[in-house]
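Worksheet: the structure to be examined is printed underneath.
The values are calculated or read from the model by the stated rules, or taken from the named source; none is laboratory data. Since the model is a prediction, treat every value here as computed from it, not as a measurement. Note that we place each Cβ from the backbone using ideal geometry, even for glycine, and neighbour counts take in every protein chain shown. Note: accessible area is taken over every heavy atom of the protein model, side chains too, but ligands, DNA and RNA are not part of it. Shrake-Rupley method; radii C 1.70, N 1.55, O 1.52, S 1.80 Å.
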Amino acid sequence: MSEENLYTFENETYRKTYWHTCSHVLAQAMKRLHPEVKLAIGPSIDNGFYYDFDTPQPFTEAQMEELEAEMRKICKEKLKLERFELPRAEAVAYMEERGEPYKVELINDLPEDAVISFYKQGEFVDLCAGPHVDSTGRIKGNAVKLTACNAAYWRGDSSRQTLQRIYGVAFPKKDELDEYLARIEEAKKRDHRRLGKELGLFMMSEEGPGFPFFLPKGMVLKNTLLDYWRECHKRYGYVEIATPIILNQHLWHQSGHWDHYKDNMYTTVIDGEDYAVKPMNCPGGMLVYKSEPHSYRDLPIRAAELGLVHRHEMSGALHGLFRVRCFTQDDAHIFMTPEQMKDEIKNVVRLFDEMYSTFGLTYQIELSTMPEDHMGDESVWHFAEDTLQAAITELGKDFQLNPGDGAFYGPKLDFHLSDSLGRTWQCGTIQLDMQMPERFELEYVGEDGERHRPIMIHRALLGSIERFIGVITEHFAGAFPVWLHPVQVKVLPVTDRAADYAAEVARRLDAQGFRVEVDGRNEKIGKKIREAQLEKIPYMLVVGDRDMEAGTVSPRHRAEGDLGAMDLEAFSAMLRQAVDSKERK
RNA sequence: GCUGGAAUAGCUCAGUUGGUAGAGCAGCUGAUUCGUAAUCAGCAGGUCGUCAGUUCGAGUCUGAUUUCCAGCUCCA
């Protein structure tokens, strides 16, 4: 890599180095203004950097500005960053002398043979492996912004000291900082909690924290999404089942969920017996499989379930539709012979491909392999991992390997979707489950007349329907494609004279299966258009005297504006085409 | 769950040192009948999240509690 290239901000290594140095500048500013503060750690992260401090008082916005000002000063001082190393005993003594207990703990926890290095800039020294830019003068002081200050635990351990974490971002140019901040603002405007309220999709209530209520428009959206989901699954050879929400606790012991997840499960007592509300659909699916004997001729069985699951998430984790205590998992369990495995995985990936691309969502696949703590034979694991890998490779897909990150019961493929703002969401997952068929003693009779254990995969495409609705709300900024929008067309009569004509137009579109509303209020057309635009309605139909006379409608597209007068038939044909092709504009 | 912050009309928000609550939008009524992003006027709307406490007096101060927000932790 050329010298020049190394110093571009697009280069991730350089960007992280730059941000890492920023975190040192932040710590230096902090020590100058508040010498009593103790230093914890200060790394770069994907979107900037942070530094954790142990402070007697939480920080305020005003103090953040003072810190920024001091950071700008340090940048102007062009302090050289110099690396030096110390033997362990001296390193500990050095940090003890400087009154930094957290640094002492870090040094003590370093492996025996570790090189203990420090970086010095002016009067400030930090324990750090580096690397760093060569001078604080490299940092553009007026393009540094401290974005938030919050609590964090020392070493991520909730039983330990709470620290104050200050987050920041920095860019080589002020313009880039402004652009970044504008993007954050845009994301805020698209927040699904705000849009969900504005568009009448869903609500939350103090009476049920984490349990979303779907409003009429939200239900149209959800049902339309599920109609599409069912249509796709049928084409890919799935059958649909539904299993109970409450099941005997004995079942949860058998499935192993009780041992692993009882803290997150809701329980109840019925006729003196213990029951639990399902946090997953699998055990019910196993019972369905076991309800009758199976021949190899029946396989593969692809049983999908839109199962309503409940999980007791911690109160602080709740977040709109993204993190709820009750959601619909679009699950499926596929039972098959080992020979069918590869083709089945390909079939699942093709289905994922089709549905994700409908929304204009791209994805990155991650393959997670056998963890240290796993159940089952290693050779079976390797066969399973190889099969997953072969399936995606044969489909020409790239993947990222996460060695040792699989579930204890099997390897998995995770699908990370990228939305229109470049944010990623883990939605789809394909997990091989080598445990459940054992625990439930699932069987099929093979060609040889013997009993065999089927292979099972557990997969979810959208993950949680509720969360996915949140994701696409932000992805489309509320401007859902016409096939999905709760109101596809709004008819806007210009005056009262056009009221009957508007009603007739709406009636005819409704009869053709479109979702139509009429805005018959006594308001000016400009106001009706404005409000329909704010509702992000795909098509507005302006109808006035001219249209009545000519027997036309004047459609306006939310993004393309006035489309000019046309016959209702011409409009409905255009609409039909846009809906059927699931056009996204 | 932890740390910090917030809660005032359906929505977005104002409310000075404690003295009995205000605007815009939405709603209702009337006028207006208008061609591509806000017509005008009038009316109505709130035990200021909840429960205690301090005080002659609390939206305002104190404590508890609920929910929400940011982050941490967690997310099988």
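Observations on the model:
- For A:V277: the one exception among (1) buried (at least 18 other Cβ atoms within 10 Å of the Cβ); (2) more than 27 Å from the chain's Cα centre (by Cα): (2)
- Taken together, A:Y167, A:Y153 contain a single residue that is within 10 Å of RNA strand B (Cβ to nearest atom) and modelled with pLDDT under 85, which is A:Y153.
- Here region A:83-100 is the region considered, the condition is being surrounded by 13 or more Cβ atoms within 10 Å (Cβ to Cβ) and in contact with a strand residue (DSSP E or B) (Cβ under 6 Å, 6 or more places away or on another chain), and the residue that is nearest to A:R32 (Cα to Cα) is A:E100.
- Residues of region A:229-259 satisfying the condition of being open to solvent by 30 Å² or more (accessible area, probe 1.4 Å) and within 27 Å of A:F352 (Cβ to Cβ): A:R230, A:E231, A:K234, A:R235, A:Y236, A:G237, A:V239, A:E240, A:I241, A:A242, A:I245
- Some residue of region A:441-459 being within 24 Å of A:F359 (Cα to Cα) and out of contact with any Gly (no Cβ under 7 Å at 6 or more places or on another chain): yes
- Contact map, region A:10-38: residues that are open to solvent by 30 Å² or more (accessible area, probe 1.4 Å) paired with residues that are small (G, A, S), Cβ distance under 7 Å, separation 6+ or inter-chain. Pairs shown: A:K16/A:S44; A:H20/A:S44.
- Contact annotation: residue pairs with Cβ atoms under 8 Å, 6 or more positions apart or on different chains, pairing a residue in region A:225-249 that is free of Cβ contacts under 8 Å to residues at least 60 places away in the same chain with a partner that is among the aromatic types (F, W, Y), are A:I246/A:Y275; A:L247/A:Y275; A:N248/A:Y275; A:Q249/A:W258; A:Q249/A:Y275.
- Listed conditions (1) touching a helix residue (DSSP H, G or I) at 6+ places or on another chain (Cβ under 8 Å); (2) within 13 Å of RNA strand B (Cβ to nearest atom) are all met by A:T243, apart from (2).
- Per the conditions (1) more than 21 Å from A:L177 (Cβ to Cβ); (2) open to solvent by 40 Å² or more (accessible area, probe 1.4 Å), the sole criterion not satisfied by A:A69 is (1).
- Boolean, A:S315 is polar (S, T, N, Q), modelled with pLDDT under 95 and touching a helix residue (DSSP H, G or I) at 6+ places or on another chain (Cβ under 6 Å): no
- Subset of region A:497-535 (residues that are among the small types (G, A, S) and under 15 Å from A:M548 (Cα atoms)): A:A498, A:A499, A:A502, A:A503, A:A506
- Look at (1) within 24 Å of the chain's Cα centre (by Cα); (2) surrounded by fewer than 15 Cβ atoms within 10 Å (Cβ to Cβ); (3) within 27 Å of A:W483 (Cβ to Cβ); (4) more than 10 Å from RNA strand B (Cβ to nearest atom) and you find that A:M203 fails only one, number (4).
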